[in-house]
Amino acid sequence: MLKRVAIVLAIAATLLLPMHAGAADKKDKYLINPNDNIKTILEKEIDLPVKLRLKSGAELSGTVARVGNGVVQIAEIGGMEFYDAVVNIDDISAVLFKVRKR
């Protein structure tokens, strides 16, 4: 009985391993679409941590809470976790976010 369970687990692990490896590869890449802009990229990152580089040179890190027509709400600002910020999308020069684990 124990031998059968071990065989079934070994087969299941063998079948699931390639699926897991493929899923990990997809998370290691970020591809933009031809129509993407700062707003659409921020919309994809809702509830995820990001770092915004502003045109002024300042950086702001936190979690994307909401994206409006011309503004983005950043929650739990790095170093000021009790604060949120609303940033004009036109003032953002880059959006940095974690894509891969290493």
The exposure ranking of 60, 52, fewest beta-carbon neighbours within 10 Å first, is 60, 52
Listed residues 60, 46, 89: farthest to the positive end of the dipole of the range 38-96 (Cβ charges) | 89
Here the Kirkwood hydrodynamic radius of the range 38-96, Cα-based and in Å, equals 11.0
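Read-outs: derived from the displayed coordinates by stated rules, not from any lab. Remember, predicted model here, so these are calculated numbers, not experimental data. Cβ atoms come from the backbone with ideal geometry, glycine included; neighbour counts cover every protein chain shown.
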